[in-house]
1. Give the residues of the stretch 65-74 that are in contact with a Phe, Trp or Tyr (Cβ under 8 Å, 6 or more places away or on another chain) and assigned to a loop (DSSP other than H, G, I, E, B), sorted by residue number.
2. Looking only at the stretch 75-92, count every residue that is surrounded by fewer than 23 Cβ atoms within 10 Å (Cβ to Cβ) and either assigned to a strand (DSSP E or B) or charged (D, E, K, R) (or both) and tell me the total.
3. Being within 14 Å of residue 343 (Cα to Cα) and in a loop (DSSP other than H, G, I, E, B) is the filter here; which residues of the stretch 1-28 pass it?
4. Quick check on residue 97: is it at pLDDT 95 or above, closer than 30 Å to residue 452 by Cα and either within 22 Å of the chain's Cα centre (by Cα) or surrounded by fewer than 15 Cβ atoms within 10 Å (Cβ to Cβ) (or both)?
5. Filter the stretch 432-466 down to the residues that are aromatic (Phe, Trp, Tyr) and outside any loop (DSSP other than H, G, I, E, B), then identify the one that is farthest from residue 95 (Cα to Cα).
6. What is the one condition in (1) crowded, with 16+ Cβ neighbours inside 10 Å; (2) within 21 Å of the chain's Cα centre (by Cα) that residue 380 does not satisfy?
7. Between 281, 270, 329, which is within 19 Å of the chain's Cα centre (by Cα) and free of Cβ contacts under 8 Å to residues at least 60 places away in the same chain?
8. Quick one: residue 378 ticks every box in (1) at pLDDT 95 or above; (2) within 19 Å of residue 252 (Cβ to Cβ) bar one, so which box is it?
Amino acid sequence: MQDKIQKVVIVGGGTAGWMTASLLAKTLGKTLEISLVESDKIGIIGVGEATIPPIINFNSAIGINEKAFIKATQGTIKLGIEFNNWHRNGDSYMHAFGKIGKKLPFCDFNHFWLRAQQDKRGNANASSTIDTSSFWDFSLNYQAAKQHKFAPINNIPNTNLPGIAHAYHFDAGLYAKFLRKHATNLGVKRIEGTITKVNQHTDSGFINSLSLENDTNIAGDLFIDCSGLAALLIEKTLSTGYEDYSHWLPCDRAIAVPCEKVEPIEPYTRSTAHNFGWQWRIPLQHRTGNGLVYSSKHMSDDEAKELLLNNLDGKALAEPRVIPFKTGRRRKQWHNNVIAIGLSSGFFEPLESTNIHLIQTAAIRLMKFFPHNGIKQIEVDEFNAQSKVELEGIRDFIILHYKLNNRGDSEFWRACQRMDIPESLVTKIELFKKTGKVFCKPDDLFTEIAWQQVMIGQGNIPEDYHPLVDTLSIEQRTDLMASLKTLINRTVEKLPSHDEFLQSL
């Protein structure tokens, strides 16, 4: 049995390394010696500039002040992701954070919305003629986002209805620098250097130490691989294998470039579908982050560069950078005494801003499973099982966007419509289509409301609704919908602009 875990060595800085280091130092810093090895010669991917609401709790847990964080990272507020041209060219919808409508016992709000739309048309079977855009009339986040408004409110005033849920856009490079200072202040030892050799135990295969180019040896009991796509420890050394998702998610390259900012600064991310992929737009205080995710089978790097540069809102501030990737996951996130966190553990295209979130959840899972008196295989197996379930749930949600497209303008999108998908996703799509119901597991990242928005936004309109809806008269249903809409509109009217909020910081 391995001895008690006392020395933790993190390989790689960037967002993954310094988020992990900060959490470990904040929670176990008094009992562990934590070192992080990184080299200034090695750049970071640094395109993950959009997040989702759970990052607020993570930052709070490691002791980060929101105002200081936003200022240091040139951050802005994110209220959701707008999807343009994903259903058909010219269509638009939003995956808005937060709640939609009112939470009702046994029956989600979307059933009341569906019945209300049918009431307007006097036809209970008129789901195919519904104006789906009206669903977002009942989203406080959506209405605030599209009107460029924001203030941190927990509830709609004078009600028990939830307020605004937010996340951030930020400069990932500045976030890593901010976290580096934070973690070192908590006691993490930063070691500058390039790793030249990984030294393993002859019998067990466990890693004993790392050799640096200056002949320094860094010994450890537990190693965290945050080396990004290089996967230096988990793959190049331990050969854990990779489960490829590219038969479901056909894009395999991204090209990124910042451009001048455009005012007002929108408090949401934009995702715009093109013929062979999609483009992101992430507004920061000092610039706008842009990128194109595409399939190299359908578009060359030069064509992608031209398409991206022709669709910027402002002047490009750098040369576009090409990033090859393979969507999927390591077959083992934890193997021997190595745990992979960040891009070393797998990769999802940034369609739903999940990669930084997966750093966060992996670091939290590490804390929950942190080995004490040696590494126990039963603990490793459970860690890997939970990681697999989490990643497959996110995988299905991202595939959903591609599968439900109704574009006929390219073979790329038609192939996505035809492709076989995981049975777990088939069930979700069909259940929602037939009944308007969608069910998620307690630990799923994406809630029922998230699934409802993407499916409604991309044309998967339910054929039926929950019978509880008909326990209210048409007058009661009409009053409910009108009251909710009025409350949301009045709340948004009184909010300051997003720019005013940023200036107040």
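The values are calculated or read from the model by the stated rules, or taken from the named source; none is laboratory data. Quantities reported herein were computed from a predicted structural model and do not represent experimental measurements. A quick note on method: Cβ atoms are made from the backbone with ideal geometry, for glycine too, and the neighbour counts reach across all protein chains shown.
1. Answer for the stretch 65-74, where residues must be in contact with a Phe, Trp or Tyr (Cβ under 8 Å, 6 or more places away or on another chain) and assigned to a loop (DSSP other than H, G, I, E, B): 73, 74.
2. Residues that pass the stated criteria total 5.
3. 12, 13, listed by residue number.
4. Working: at pLDDT 95 or above: yes; closer than 30 Å to residue 452 by Cα: yes; either within 22 Å of the chain's Cα centre (by Cα) or surrounded by fewer than 15 Cβ atoms within 10 Å (Cβ to Cβ) (or both): yes.
Answer is yes for this residue.
5. Start the filter on the stretch 432-466 by keeping residues that are aromatic (Phe, Trp, Tyr), which leaves 432, 439, 446, 451, 465.
Now restrict to residues that are outside any loop (DSSP other than H, G, I, E, B): 432, 451.
Details: 432: 17, 451: 9 Å.
Here the answer is 432.
6. Failing condition for residue 380: (2).
7. Details: 270 fails: free of Cβ contacts under 8 Å to residues at least 60 places away in the same chain; 329 fails: free of Cβ contacts under 8 Å to residues at least 60 places away in the same chain.
Step by step, each of 281, 270, 329 is checked, and only 281 is within 19 Å of the chain's Cα centre (by Cα) and free of Cβ contacts under 8 Å to residues at least 60 places away in the same chain.
8. Every listed condition holds for residue 378 apart from (2).
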